Amino acid sequence: MERDDFIVKSDVKFSWENYNPKFTGDYKDKTTAKIQLQSDIEKLEKYQDKLYAQNTYALLIIFQAMDAAGKDSTIKHVMSGVNPQGCQVFSFKSPSTEELDHDYLWRNFKALPERGRIGIFNRSYYEETLVVRVHPEILKQEQLPDFPPGDKLWKQRFQEINNFEKYLVDNGIVILKFFLNISKEEQKRRFLKRIELPEKQWKFSMSDVGDRAFWDEYMDSYEDVFNHTSTTWAPWHIIPADHKWFTRLAVANIICSKLKELNLKYPDITDEQRQMLLNAKAMLEREDKITD
């Protein structure tokens, strides 16, 4: 499994035909995949410790998907070994009145991770080029001044987002963008499971089923997003999502690969700090002698 297998190339026109939601690579069942996932979870724990100690980079992970694609469970499983002190998760739902009184990037901007930390966006500013596009009545709530008509607005936002992400990357915030690619058939199966199982019923919403009527419109909007915002500095990864066990494995593997590329390491100490440590060691050892 290579990271490039899932990247949307910035110089190639996107086509859904190239991304099979049922794809599992060389993994035919959960057994081997779970072993590899656990290995990556352990690697991620070590990488995160160095990321935090080095305090140079931050990692921003963005998840976008249709409902029931497994964003929550992927975050839960992949980040299960991470120190909670170094990781923050934000879920962006319908904007509040305060958020609507700001520009559309504001609520995401103020949630960006600090250096040394991992920030996870469960949905993001990309909703402003997806759900708002499919449901244009939402746009009226944003109280915008005059804006370009038709597709010009979305192209303007694509450019703004690309510039925003370039700014973040230039300032040490590494960006990983994941789209969890679930088929319409698998989504239906998971919705039915939510309805039937008491422990999952709380997650079900009639709006989820309602949005299935706009499936094609969402796919067209996502296609436009991938064609215009999969850049060399922040490419999109299309992750097969019909098999949750493979989704988690693929996401964990890509995160580990990206962190490995950063050549993270614990900070070197100065001669003065080294002498301080030697003095502290000597003081502690003298305590033992006094006690004896």
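The values are calculated or read from the model by the stated rules, or taken from the named source; none is laboratory data. No experiment lies behind these values; they were computed from the predicted model shown. Neighbour counts are summed over all protein chains in view; Cβ atoms, including those assigned to glycine, are modelled from backbone coordinates with ideal geometry.
What to note about this one:
- Of residues in region 1-41 being under 22 Å from ARG189 (Cβ atoms) and of a type in the set (Phe, Trp, Tyr), the one modelled with the lowest pLDDT: TYR27
- Sub-9 Å Cβ pairs linking a first residue in region 241-268 that is free of Cβ contacts under 8 Å to residues at least 12 places away in the same chain to a second residue that is in a helix (DSSP H, G or I) and of a type in the set (Phe, Trp, Tyr), at least 6 apart or interchain, number zero.
- Counting only residues that are in contact (Cβ under 8 Å) with a residue 12 or more places away in the chain and more than 18 Å from the chain's Cα centre (by Cα), region 174-199 holds 8 of them.
- Number of positions in region 181-209 that are exposed (fewer than 12 other Cβ atoms within 10 Å of the Cβ), among the charged types (D, E, K, R) and farther than 30 Å from ASN18 by Cα: 2
- Some residue of region 45-59 being in contact with a Cys (Cβ under 6 Å, 6 or more places away or on another chain), closer than 23 Å to LYS260 by Cα and hydrophobic (A, V, I, L, M, F, W, C): no
- Any hit, region 17-26, residues being within 30 Å of ARG212 (Cβ to Cβ), surrounded by 15 or more Cβ atoms within 10 Å (Cβ to Cβ) and touching an Asp or Glu at 6+ places or on another chain (Cβ under 8 Å): yes
- Residue list for region 79-98, restricted to those being surrounded by fewer than 16 Cβ atoms within 10 Å (Cβ to Cβ) and either acidic (Asp, Glu) or touching a Phe, Trp or Tyr at 6+ places or on another chain (Cβ under 9 Å) (or both): ASN83, GLN85, SER91, GLU98
- Identification of helices (runs of 4 or more DSSP H) wholly contained in region 1-119 with 1 or more residues that are over 21 Å from ALA250 (Cα atoms) yields 30-54, 97-100, 106-109.
- Test: residue in region 135-154 that is more than 30 Å from VAL209 (Cβ to Cβ), within 24 Å of the chain's Cα centre (by Cα) and surrounded by 13 or more Cβ atoms within 10 Å (Cβ to Cβ): no
- Put simply, of GLN64, GLN48, GLN54 the only residue that is closer than 19 Å to GLN187 by Cβ, at pLDDT 95 or above and surrounded by 14 or more Cβ atoms within 10 Å (Cβ to Cβ) is GLN64.
- Residues of region 190-214 classified as assigned to a loop (DSSP other than H, G, I, E, B) and within 20 Å of VAL131 (Cβ to Cβ), total: 2
- Candidates in region 265-292 are the residues that are acidic (Asp, Glu) and in a helix (DSSP H, G or I); of these, the one that is modelled with the lowest pLDDT is ASP288.
- Hey, ASN171 free of Cβ contacts under 8 Å to residues at least 12 places away in the same chain and surrounded by fewer than 18 Cβ atoms within 10 Å (Cβ to Cβ) or not: yes
- Test: residue in region 236-254 that is assigned to a loop (DSSP other than H, G, I, E, B), touching a strand residue (DSSP E or B) at 6+ places or on another chain (Cβ under 6 Å) and surrounded by 20 or more Cβ atoms within 10 Å (Cβ to Cβ): yes
- Filter pass, VAL225 being under 15 Å from the mean Cα position of the chain (by Cα) and either within 23 Å of SER183 (Cβ to Cβ) or at pLDDT 95 or above (or both): no
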